[in-house]
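The values are calculated or read from the model by the stated rules, or taken from the named source; none is laboratory data. All figures in this text were calculated on a predicted structure; none of them were measured in a lab. So basically every Cβ, Gly included, is an ideal-geometry build from the backbone, and we count neighbours across all protein chains shown. To get the accessible areas, we keep the full protein, side chains included, count just its heavy atoms, and leave off ligands, DNA and RNA. Shrake-Rupley method; radii C 1.70, N 1.55, O 1.52, S 1.80 Å.
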Amino acid sequence: MKRLFFVFCALLTVSLTGCNGVGNKDALIARIGNENVYQEDLNLLYDAKWGSDSSPEYKQAIEDFFTQTAQVSLFLKENPEYESKWKEYSSLVNKRVLTVAYVQFFLKENLGYTEEELKDYFEKNRALFDSSTSFMASKTKVAELYYLYKSADSLQSYIQENLSSQNRPEEVELAVFIGDSVSTLEMVKNFNEGKSLDSLGVSRRAHVRRGDEKGMFQDTSVNRALFGSDSMRVGEGRHFIVRGDSSTDYYAMKMVSRTPPYTATVEDKKSMFEEIFVLRRRNFLMKEFQRITEENKDYVIEVPKPANPQKFYEDHLEMFKTPESYDLYQIVVANSSQLAKFPAGGLGMDLETFKKFSRELSVDSAVVARDGFVGRVKKNFALPYGIGMMPDLFTAIAGKNAGFVTSPLFSTSDSLYHIFYLAKVYPPEVKPFDRVKPGIDVAFANNVMAIDSSFVAVSKNGKPIYTEKDVVALFKEEIGQGTYDKAIRDQLVAMLKESSVGEDLANKAKFEHSWQYRALVRQQRLYYMYRQFRRNLLRHGFSNQELIQKKIPENLLKYEYAVKKDSLCGEKTFEECGAKMENFLKGSYYSGLLFKKQLEDWGKVKVTFYNTQWESLCAQKGLDYYWQKARAYVEAQNLKNISEIVNNLIFAYADDESTLQKIILDAAQTYSDALLFDDAEKNYEAFYTIWPEHPEAEKAMFSRGFVLNENLHKDKEALQVLEAFCKKYPKSELKESAEWLMADIKSSGKLADDLMKKIDAEGN
C-alpha cells in the first residue's frame, strides 16, 4: 500500500500517523464492519506514476486498503481500548500529518495552488487533457500547465535568456594517423582510394567542435581544412605538416563525418524549457520550505542540561574514567624469518633482555636508538612513531600482567611486524570533578536515558510544545526495536520542531481544511491500528502457536522439495534436507497464514457498498477471485504477480490438503497458459509425487510428460516420464496418446512431421 514519508526527515523510515477526523458524508462509498470508507480515502491512494485511475496498481492498492480496513474493524471490536490509545498518541503527531499533507500535495503536487484553482482550470481547458482522464489522474499535469499559464511572461523571458545555450557549433569527426613524411603521404593516398580504416589499422579518432579547437587543430592550415571555405569533404584525406617550437609533426587526416551548426528555435526547445521551468518551481518551493523551517526563531530545540552537575557526575562515574593505558616496548622486523633468534613467546623474559633483542633485531634505527621504547599508550588509541591503529594488540594484552610479550603483529600503517613487551599497566582512574566539569553538559546530552521525562524538548516563544516524554513515546511507537540514542533522539526532536513550523505554514495556506489532510488523518489512524493488529498477532498468535509450537505441514515441505530441490537441496534426499527447508520456509509460511487470515477476516465483517463500482475489488470470492486475477495477469504477461498469487495460496492453504491439491493443479495449468513451462512441469511432478494415488495423479503425470516433450524439448526426461506413466497406468485412456508421444520422440519427431503433412494434404 502506498505510504507517505516525512519530507524533511528522510533518515526516519517510520510510517506516518495523524489525528482522527471525519470525512465528507456525501462521499461515503462503503462501510466495512464499523469503519467508514470515503472516496477521498481512495483518491489519496492514487499515485500519478500509475498513469490511470483504472490501472492494476491502483486497483491493488484499493483492495489492500479494503482488506486492512476489515482487519482493523475486527481488531477494534476485540480490543476497543486502542481507540483511546490512538487519541493519546495522535496528539503527538497531528502536526506532522498536516505538514506532510501540505508539503506533499500543496507544494510538490499542486505547486502552491489550491484544489479549487486547479479544478477550475481543468474544467475550462478540457481540450488540453485526455477526454477519458479524470481530474485526479491528471492533477499533476493540471498544476504544471496552470503554472505555465500563470507565469507565461516569466517563462518567455527565461526561454529567451537561455535559448542560445542550446545552440551547437559545427563539429567534425576525423581519423588521424601520425608518422613521418613518407608514411603520412602514403596514408593520405590510401584514404582517398577509399580503403577502410580497419584494414589500414587507423584507430585514432578525433571530434573537433568549431570554436573549441585544441592542440594541433589550432594550427592555421589544419583549422582552415576543417572549417574554412576550402574545408575537407566527407571521405577526403589530406596531409598536414605542423611545425612547433622544437619539432615538426606529420599527420594524415580523413574527414569521417561533419555535423552542421544548429541554431535552437523556441518551437524546438519550448517543451524542454517548460519542463525545466516547472522543475525549478517545484525545487524552489521545497528549498523555500526548508529555509523557512531552518530559520524560524519562534520554535527552539532546547539543549538538555543536568539540574545538578555534581550529582550527575557522582551517579555516572564510569563515564568519567580515564582509559586503561600501558607502557610498551617493541621489536620491529620486516618478516618473521628475522625472529629466528628470538625465543618463541618470550615467556619469562625481563625488560632488559627484551631491550637487548630490540637493539639486535629491529630494522628501524630509531627503534634501536630508543631501546624499543614506544611509550605510554591508551587503550584503543593509535600508537606513535607511525605504528597507527592496532586493535589486535589491545585484544592480545587485555587482562595480561607486566612482562607479557605478544606474538608478531602486522601494522598496515608501516607494513612491518611488531612484537610488544608490556612493561606496566595503568588501570582506569576517575577524573576529578573540576577537570570534567566543562564537559558535563555534553556528557549529559549524550546520555539520553538520563534526561528527565518532564524536560521541554521543543518550545515556542518560551512555552513548552513537546517534552522528553513525547519524544520517547514517538520512539517506542515508530521505531521501537532500535536503541534510543542521541542520534535517534536528535532526529525525532528536529522532526517535531520542523512539523510545528510546517503546521503554521499549512494553516496560513488554510490547508488544514483540504480533503488531502482529512483523508491522510484517517489513513494514518488505519495504519496505526493495523500496526497494533500485526504486533498483537505476533505477540499472541502466529509467532507462538503457528510458527513455534506447530511444525510446517509435511505436504508443504514435500511440495517445496519437489519444485526447488535442485536450488535448495542439491543432491540431498527429502529426509536429509527437511530441517533446512523448515527453517527456510518459516517466513513464507507466516506470510501465507496472514494472507489466509485476510481472506477469513473479510468474511467475518458486514460490508455495505454505497458505490458499487468498487465492490469487485474485494476478496469475498476467496480462491476463485485470486485465480481470476491470475488469469488476468496471464493475459497481461505479468509473470511476477502470477508467481506471487500461486505462492500466497499454496502457503495459505498448506494445512488444507484437498484445497492444496486443487491449488497445485490450477497453478500448473496457469503456469502453462503463461508459457512458464518450467514451473508448470514442476507443479505437475509435485502433485503426482506427493499424492500418487489421487484420481488426478494420472492426468498430472501425463501432462508433465507432454510439457517436457512439446514445450521444453527435454525428450530424454519426457520419455522416462511417459514410460513410467504407461507402466503405472496400463488401462488409462491417455495410454494411447502417451505411446504415440514416445514413438514420436524415438523417431526424432518424424511421426509428427508426417502427421502435419497428411493434415495439410487433406486440407488442400
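In a DSSP loop and with at most 12 other Cβ atoms within 10 Å, the GluC sites (Glu not before Pro) in segment 552-648 are Glu571. Dipole orientation for the chain: of the candidates Phe455, Ser91, Ser257, Phe455 has the Cα lying most toward the positive pole (charges on Cβ; Lys, Arg +1; Asp, Glu -1). Extending 7 Å from Cα along the Cβ direction at Ser257 and again at Ala579 yields two label points whose distance is 6.5 nm.
Across the options Val100, Ala137, Asn125, the greatest Cα extent toward the positive end of the charge dipole of segment 84-166 (unit charges at beta carbon of Lys, Arg, Asp, Glu) belongs to Val100.
Sparsely packed loop sites in segment 414-522 (the trypsin sites (Lys or Arg not before Pro) outside DSSP H, G, I, E and B with at most 11 other Cβ atoms within 10 Å) comprise Lys510. Return the Rg/Rh ratio of the chain with Cα-based radii and a Kirkwood Rh. With Rg and the Kirkwood Rh in hand, the quotient comes to 1.08.
Using the Cβ-Cβ distance between Ser84 and Lys662 with R0 set to 56 Å, the FRET efficiency from 1/(1 + (r/R0)^6) comes to roughly 0.80. Any idea how far the Cα center of segment 630-685 sits from the one of segment 200-226, in Å? Here the answer is 63 Å between Cα centres. Under 15 Å from a label point set 7 Å out along the Cα-to-Cβ vector of Asn461, the amide N atoms of segment 285-311 belong to 297-300.
Beyond 26 Å in Cα-Cα separation lie the following of the pairs Lys95/Lys596; Lys59/Lys269; Lys356/Lys424; Lys476/Lys510; Lys580/Lys714: Lys95/Lys596; Lys59/Lys269; Lys476/Lys510; Lys580/Lys714.
Set against the 2.2 N^0.38 Å expectation for a compact globular protein, segment 274-338 has a Cα radius of gyration ratio of 2.64. Only the Cβ atoms of Lys and Arg (+1) and of Asp and Glu (-1) were treated as charged; on that basis the dipole of segment 580-721 about its Cα centre amounts to roughly 480 debye.
Here the extension length gained between Lys586 and Lys356 equals 76.5 nm, from 0.36 nm per residue of separation less the Cα-Cα distance.
For the pair Ala509 and Asn711, what calculated FRET efficiency results from E = 1/(1 + (r/R0)^6), where r is the Cβ-Cβ distance and R0 = 60 Å, to the nearest 0.05?
0.50
Of the peptides 249-259, 161-171, the order by per-residue mean of other Cβ atoms within 10 Å, starting with the highest, comes out as 249-259, 161-171.
The alpha carbon radius of gyration of segment 136-212, expressed as a multiple of 2.2 N^0.38 Å, is 2.21. Taking label positions 7 Å along the Cα-Cβ direction at both Asp298 and Ala206, the computed distance is 6.6 nm, reported to one decimal.
Taking a spot 7 Å from the Cα of Lys269 along the direction of its beta carbon, which residues of segment 175-213 have an amide N less than 20 Å from it? Correct set: 209-212.
Dividing the Cα radius of gyration of segment 345-401 by its Kirkwood radius returns 0.97 for Rg/Rh.
Extension gain, Lys746 to Lys640, is 34.5 nm, computed as 0.36 nm per intervening residue step minus the present C-alpha separation.
Largest first, the extents of the alpha carbon coordinates of segment 417-489 on the three principal axes equal 59, 34, 19 Å. Extension gain for the segment Lys214 to Asp678, taken as residue separation times 0.36 nm less the Cα-Cα distance, is 161.1 nm to one decimal. Charge dipole of the chain (Cα centre as origin; +1 on each Lys and Arg Cβ, -1 on each Asp and Glu Cβ, all else neutral): 1760 debye, rounded to the nearest 20. Computed per residue of the chain from DSSP H runs no shorter than four, each worth -39500 (n - 2.57), the mean residue ellipticity at 222 nm is -17000 deg cm²/dmol. Can you list which of the trypsin sites (Lys or Arg not before Pro) found in segment 636-732 are DSSP loop residues with at most 12 other C-beta atoms within 10 Å? The qualifying sites are Lys731.
Rg(Cα) of segment 313-441 divided by 2.2 N^0.38 Å?
Dividing the Cα Rg of segment 313-441 by 2.2 N^0.38 Å gives 1.21.
Taking 7 Å steps out from each Cα toward its Cβ at Arg534 and Glu571 produces label points 4.3 nm apart. When the charge dipole of the chain is built from unit charges on Cβ atoms (+1 for Lys and Arg, -1 for Asp and Glu) and taken about the Cα centre, the candidate among Ile159, Ala487, Ser229 whose Cα reaches farthest toward its positive end is Ala487.
For segment 27-92, the Kirkwood hydrodynamic radius comes to 13.4 Å, computed from all pairs of different C-alpha atoms.
Based on the Cβ-Cβ distance of Lys437 and Asn335, what FRET efficiency does E = 1/(1 + (r/R0)^6) give at R0 = 51 Å, to the nearest 0.05?
0.50
In percent, what relative contact order does segment 192-266 have, based on Cα pairs under 8 Å that are 6 or more apart in sequence?
The value is 21 percent.
Taking all protein chains as they are arranged and a probe of 1.4 Å, the heavy atoms of Asp230 leave approximately 90 Å² accessible to solvent.
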